[in-house]
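Here's the structure, in structure tokens; my notes come after.
Values in this text are rule-based calculations from the coordinates and carry no lab data. Just so we're clear, the structure is a prediction, and the values are computed from it rather than from any experiment. Here the Cβ positions follow ideal geometry from the backbone for every residue, glycine too, while neighbour counts run over all protein chains shown.
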Amino acid sequence: MVLKAEKQGESRLDWLKWSITIALLLAGLVGNHYYSEISMPLRVLGWFAVFVISGFVAATTQKGKWTIQFFRDSRMELRKVVWPTREETIQTTLVVAAMVSILALILWGMDGALVWLIGWLTGQRG
């Protein structure tokens, strides 16, 4: 019961945290326009700071925590993938290239035959 009350308290504050995040991003946008005479590297550094702070605030929300956990799980699953060797990749690429070339020749031949047939049927071929 206590956990549910804590979750409700967190979710009630989520709208405030998202509002702060959006306000920070808007302030960064306005600040970037207002200080346009300052050099670009300093403004980029300011944007980076705004993104880090707003990202931190957004990460404390339920959706932010869920997103962080999703990326952690995705990274763990990515580590489990057995990637093909260089030789397997080259062989597969060559097979795909050969099949695409063969299919292109077949379609080119069919197109030529259909153009000839339509020309013959319509009397446009002398």
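Quick notes
- Along the axis of the charge dipole computed for the chain (Cβ charges of +1 for Lys and Arg, -1 for Asp and Glu, origin at the Cα centre), the listed residues ILE102, LEU25, TRP15 are led at the positive end by TRP15.
- Helices that extend 24 Å or more along their long axis by alpha-carbon positions and average at least 0.0 on the Kyte-Doolittle scale are, among the DSSP H runs of the chain, 2-34, 40-59, 86-122.
- A Förster radius of 22 Å combined with the Cβ-Cβ distance from ILE22 to GLN69 puts the calculated FRET efficiency at roughly 0.45.
- For segment 6-126, taking Cα atoms only, Rg and Dmax work out to 29.3, 86 Å respectively.
- Choice from VAL81, VAL100, VAL52 with maximal GNM fluctuation in the chain (Cα, 10 Å cutoff): VAL100
- Cleavage-rule hits, GluC sites (Glu not before Pro), segment 60-113, DSSP coil, Cβ neighbours within 10 Å at most 15: none
- Leading residue at positive end of dipole, the chain (Cβ point charges), from ILE53, GLY123, SER74: ILE53
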